[in-house]
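Novice: This is the structure, below, for whatever I ask next.
Just so it is clear, none of the values below were taken in a lab; they were calculated from the coordinates. It should be emphasised that the depicted structure is a prediction, and the values quoted were computed from it without experimental measurement. Cβ: placed from backbone, ideal geometry, glycine included. Neighbour counts: every protein chain shown.
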Amino acid sequence: MMNAKPVKQSRTVLSSYVLPPDTNNHHTLFGGKLMAYIDDVAARAAMRHSRRPVVTASTDSIDFLQPIRVDNEVSLEAFVTWAGRTSMEVFVKVLTEDLHTGERMVCATSFLTYVALGDDGRPTEVPKAIPETPQEKLLHDSAPARAEARSKRRIESKQLAETFGISFPWE
């Protein structure tokens, strides 16, 4: 059994200045670009916790709450909320800041799951996560319910994959 680690040890931050090429026709950050930032920062939080290479097992949710506009800074904070035997749930909070006024808003939240890989490329054991702050405890205590929903969704996804198969409608 591995020694458990405090959640704060996985905390990872990423920030970027939003330029016109990063935006869509509404002059807001492309959703796909934000999704890439989320996966990047969350994967690094999972690696920081496990000290192993990781793979994305699922993106449970990305809730876009506010637009991120050109000329703003987007900042992402990620940390491991809970760890199973080989998997880790990571929470990501996304902030936007108007660099001219200083106004900041939470513009998105996300939950993702990563699996740590051993030297053989197969899933390997990870340390448990120890929540310390009230916010960390809230997310840690609610993680089993999200894990159950994730498990059900995975079964449904496999059924859909079997139903639709590998052919395209025009074949």
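Novice: So if I take the centroid of the Cα atoms in the range 96-171 and the same for the range 1-78, what is the distance between those two points in Å?
Specialist: Their Cα centres are 12 Å away from one another.
Novice: Of 90, 74, how do they rank once you tally other Cβ atoms within 10 Å and put the fewest first? Don't skip to the end; give the middle numbers.
Specialist: Details: 90 30, 74 22.
So the ranking, lowest neighbour count to highest, is 74, 90.
Novice: Provide 37, 114, 17 in ascending order of the number of other Cβ atoms located within 10 Å of each residue's Cβ, fewest first.
Specialist: 17, 37, 114
Novice: Related question: Using a simple spin-label model with points 7 Å from Cα along the Cα→Cβ vector, what separation in nm is obtained for residue 98 and residue 15?
Specialist: According to this spin-label approximation, the distance is 1.8 nm.
Novice: Normalised by the residues of the range 5-164, what does the relative contact order come to in percent, with Cα pairs under 8 Å and at least six apart?
Specialist: Numbers: 327 pairs, mean separation 41.3, N = 160.
With pairs under 8 Å counted, the relative contact order is 26 percent.
Novice: Could I ask something else about it? Could you give the length gained by full extension between residue 106 and residue 148, i.e. 0.36 nm per residue of separation minus their alpha carbon distance, to one decimal place? If you can, show how the numbers build up before the last one.
Specialist: On the way: separation 42, 0.36 × 42 = 15.12 nm, distance 2.67 nm.
This chain segment gains 12.4 nm when fully extended.
Novice: Can you give the FRET efficiency to the nearest 0.05 for residue 157 and residue 64, using r as the Cβ-Cβ distance and R₀ = 25 Å? Write out the running numbers ahead of the final one.
Specialist: On the way: r = 22 Å, r/R0 = 0.88.
The computed FRET efficiency comes out at 0.70.
Novice: Within the set of other residues whose C-beta is less than 15 Å from the C-beta of residue 158, count the net charge using Lys and Arg as +1 and Asp and Glu as -1. Numbers along the way, then the final one.
Specialist: Numbers: positive: 150, 152, 153, 154; negative: 156, 162.
Net charge in that neighbourhood comes out at +2.
Novice: Of the DSSP beta bridges with both residues in the chain, give the percent that are antiparallel, rounding to the nearest 5.
Specialist: Around 95 percent of the beta bridges assigned by DSSP in the chain are antiparallel ones.
Novice: Tally Lys and Arg at +1 and Asp and Glu at -1 over the other residues with C-beta under 11 Å from the C-beta of residue 68: what net charge comes out?
Specialist: On the way: positive: 33, 69; negative: 22, 71, 73, 97, 98.
Net of charged neighbours comes to -3.
Novice: Pairs of lysines 8 or more apart, or on different chains, with alpha carbons under 20 Å: count those in the chain, would you? Please list the in-between numbers first.
Specialist: Values: 5/128; 5/137; 8/93; 8/128; 8/137; 33/93; 93/137; 128/137.
Lysine pair count for the chain: 8.
Novice: I've got another one for you. In what order do 164, 111 fall by count of nearby beta-carbon atoms within 10 Å, going from fewest to most? Working shown, then result.
Specialist: Details: 164 10, 111 22.
Ordered from fewest to most neighbouring Cβ atoms within 10 Å, 164, 111 come out as 164, 111.
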